[in-house]
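The values are calculated or read from the model by the stated rules, or taken from the named source; none is laboratory data. Values in this document were obtained by computation on a predicted structure and should not be read as measured data. In this analysis, Cβ positions are derived from the backbone assuming ideal geometry, glycine residues included, and neighbour counts consider all displayed protein chains.
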Amino acid sequence: MTATQVNRPTPLEGIRYFSPPSDFVLRGRDGLVEIPWGDRPPVPLLVEDWPSAEELASADYDMVGRGIYQALRLDPDCVYAADYAAILKEAYPHIVSELGGQIIMLDARDVDGPYLDRKINFLRIMALLDPANAGLPLEIARTCVEKGSRLSSLQLAVSSWYDAEKYLRRSLELNRADFQAAYEYGEALYVLGRYDQAADIWHGCLPGFDAAEQARIEARIAAIQAGQLPLVAPLDYLTALSIAVEQHHSGQNDSAIAIIEDVLADAVFAEQFPLHEVYYLLGSCYQEAGLMDKAAQAFKRS
């Protein structure tokens, strides 16, 4: 896909854009790569590479690869991202291979919030390289769900769960026969408070599960139809818990306790969502508030 020059490139930290001459040809890999640049977009270069390119009125193969890879890592949604991904796919197989290796490495370890962000960005680049692959937006969605469900990153729950819903919808657009993805899409809708939509999605995916799973899903559908729902959308509770985490960290344990107890008082929410980390947080708040008996009870449930 060629870019129209009416769009300005996305400003990115550590990147400067280089506009090569009209006859610029990207060459590399001992003659295996020879791509006339033509009306392709400006080339993102690392700031340290830009002076040489400007002086020579040209950018070499390594400069272009480094710059494009870094630009996509910084923002897979940047202007011309699809163009840059197409160049990576055509001319830089070693970078694509490295990208896959990074994702595998992150899958193999227990990672925290920043690593989850890195994994999401890597997956988003892979989705640019292989836009018809339904498994990529599905994996992005699952990583967003993990990020939006961890106590340590609940301050990002809203954006994470909305992103999860978006990528699950995209995955189903690419593969409507994936019943597991459909169930997870319904789960995201449920967390966002779109209960009727969740029930419709779950009803449609029932044929893809065995009898035991069908019974469990049908019970959730029946609960929605009977109005047996959390008092507020689960996402609102997750947001409240993020505030409790902040208050605990700032020493306002009484306020944190009040929020957590209010959340846990909703029996429907407490039953449907695994809250072991929340009970540990509650125990820590009780402990610091000097309520040792309550702390012991909370820790037992964590």
Exercise. Would you check which residues across the range 248-259 are in a helix (DSSP H, G or I) and over 26 Å from the mean Cα position of the chain (by Cα) and list them?
Key: 248, 253, 254, 255, 256, 257, 258, 259
Exercise. May I ask you to list the residues in the range 31-41 that are touching a helix residue (DSSP H, G or I) at 6+ places or on another chain (Cβ under 7 Å) and assigned to a loop (DSSP other than H, G, I, E, B)?
Key: 40, 41
Quiz prompt | Unmet requirement for residue 185, which otherwise passes all of (1) farther than 28 Å from residue 132 by Cβ; (2) surrounded by 15 or more Cβ atoms within 10 Å (Cβ to Cβ); (3) hydroxyl-bearing (Ser, Thr, Tyr) | solution = (1)
Quiz item: Looking at residue 263, is it within 29 Å of the chain's Cα centre (by Cα), modelled with pLDDT of 95 or more and assigned to a helix (DSSP H, G or I)?
Solution: yes
Exercise. Mind counting the residues in the range 244-282 that are over 17 Å from residue 295 (Cβ atoms) and among the acidic types (Asp, Glu)?
Key: 4
Exercise. Tell me, please, whether a residue that is more than 23 Å from residue 144 (Cβ to Cβ), surrounded by 15 or more Cβ atoms within 10 Å (Cβ to Cβ), touching a His at 6+ places or on another chain (Cβ under 9 Å) and assigned by TED's automatic domain parsing to the domain that holds residue 142 can be found in the range 280-288.
Key: no
Quiz item: Out of the residues in the range 42-61 that are over 9 Å from residue 18 (Cα atoms) and in contact with a helix residue (DSSP H, G or I) (Cβ under 9 Å, 6 or more places away or on another chain), which is surrounded by the most Cβ atoms within 10 Å (Cβ to Cβ)?
Solution: 49
Exercise. Quick one: in the range 16-30, of everything that is assigned to a strand (DSSP E or B) and not β-branched (Val, Ile, Thr), which residue is surrounded by the most Cβ atoms within 10 Å (Cβ to Cβ)?
Key: 26
Quiz item: Taking only pairs six or more apart or across chains, which ones have beta-carbon atoms under 9 Å, a first residue in the range 187-203 that is among the polar types (S, T, N, Q), and a second residue that is in a helix (DSSP H, G or I)?
Solution: 197/186; 197/189; 197/190
Quiz prompt | Residue check, residue 160 surrounded by 16 or more Cβ atoms within 10 Å (Cβ to Cβ), out of contact with any Lys or Arg (no Cβ under 7 Å at 6 or more places or on another chain) and not assigned by TED's automatic domain parsing to the domain that holds residue 42 | solution = no
Quiz item: Is it true that some residue in the range 47-61 is touching a residue at least 24 places away in the same chain (Cβ under 8 Å), of a type in the set (A, V, I, L, M) and touching a Leu at 6+ places or on another chain (Cβ under 7 Å)?
Solution: yes
Practice problem: Please determine, by comparing only the residues of the range 3-15 that are over 28 Å from the mean Cα position of the chain (by Cα) and loosely packed, with under 11 Cβ neighbours inside 10 Å, which one is modelled with the highest pLDDT. | Solution: 6
Self-check item: The lone exception for residue 224 - which of (1) in a helix (DSSP H, G or I); (2) touching a Leu at 6+ places or on another chain (Cβ under 9 Å) it fails
Solution: (2)
